[in-house]
């Protein structure tokens, strides 16, 4: 949807969950020497300024990475202080953010493709899709020169079909639509079903919102019905329900074929995020999994 701009929401609690899971999953997959393909169906602009522009309009990052960044545990971890007590998955993610903010003042937030680019090796491929023309230009400017990288100014749901299975037979696919149209739910399920038929052994990360709508509440169940083998469902709730039925309560990351070792990394990280980012007593983290 061309009206959607992720910059308005960059750095919010949902972003923190998504990026923590992404970094942890990528690091586990990259522990093996064989080449990996990273596919991002809704890549966005690549990186976002938090100190001015659209991020300041709603200021959602203040309740997400902005709040986390001020915690003593984070400060100590980023200074490599011993016994900082911050869960390792969050340490790994926030140290990548620190690379864009070396003086410790939070101004720039790397998005999913920028985080992936920092972790991938020279022989690993990146395939990025983005529809919005302004975000596409930003993405191209920041990552277009990376070797083994292809950028598509196109619909990521449609583009995914041509990339599976990848030549290396190893891939992590991040699917992160806006969900601003009800059709996004249908497209997500259809695209994922097709992808699994083409490449059943891929690792698929699906971000989804926690909303007070039937489509949102039913999506985790439908995702579980698609998964042919193992899956992991991490849900972070940070806000209480509103009387008018609107607003984001939290988000989830559904992982199909999760890499071995992902669950024990996410459990302490999710609990920490729920404790630090939860508002009005609503902080809660739930992780369910089915082994393959």
Please go through segment 223-249 and give me each residue that is in contact (Cβ under 8 Å) with a residue 12 or more places away in the chain, closer than 18 Å to residue 194 by Cβ and surrounded by fewer than 15 Cβ atoms within 10 Å (Cβ to Cβ), ordered by number.
224, 228, 229
Which of the residues spanning segment 190-222 are in contact with a strand residue (DSSP E or B) (Cβ under 9 Å, 6 or more places away or on another chain) and exposed (fewer than 14 other Cβ atoms within 10 Å of the Cβ)?
217
Please go through segment 256-291 and give me each residue that is over 18 Å from residue 238 (Cα atoms) and part of a helix (DSSP H, G or I), ordered by number.
262, 263, 264, 265
I'd like to check something: does segment 99-113 contain any residue that is touching a helix residue (DSSP H, G or I) at 6+ places or on another chain (Cβ under 7 Å) and more than 20 Å from residue 50 (Cα to Cα)?
no
Restricting attention to segment 116-149, which residues are under 24 Å from residue 187 (Cα atoms) and surrounded by 14 or more Cβ atoms within 10 Å (Cβ to Cβ)?
126, 127, 128, 129, 130, 131, 132, 135, 136, 139
Any idea how many residues of segment 237-259 are within 20 Å of residue 185 (Cβ to Cβ) and in contact with a strand residue (DSSP E or B) (Cβ under 6 Å, 6 or more places away or on another chain)?
10
Residue satisfying all of: in segment 153-173; more than 20 Å from residue 122 (Cα to Cα) and in contact with a strand residue (DSSP E or B) (Cβ under 6 Å, 6 or more places away or on another chain); surrounded by the most Cβ atoms within 10 Å (Cβ to Cβ) among these
156
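What's the total number of residues in segment 132-148 that are part of a loop (DSSP other than H, G, I, E, B) and either under 23 Å from residue 36 (Cβ atoms) or touching a helix residue (DSSP H, G or I) at 6+ places or on another chain (Cβ under 8 Å) (or both)? Explain how you work it out, then say what you get.
In the first step, residues of segment 132-148 are kept if they are part of a loop (DSSP other than H, G, I, E, B); the result is 132, 144-148.
If we keep only those that are either under 23 Å from residue 36 (Cβ atoms) or touching a helix residue (DSSP H, G or I) at 6+ places or on another chain (Cβ under 8 Å) (or both) too, we end up with 144-148.
Here the count works out to 5.
Since every read-out is calculated from the coordinates, none of them should be taken as a lab result. These numbers come from a predicted model, not from an experiment. For neighbour counting, all protein chains shown are included, and Cβ atoms are generated from backbone atoms with ideal geometry for every residue, glycine included.
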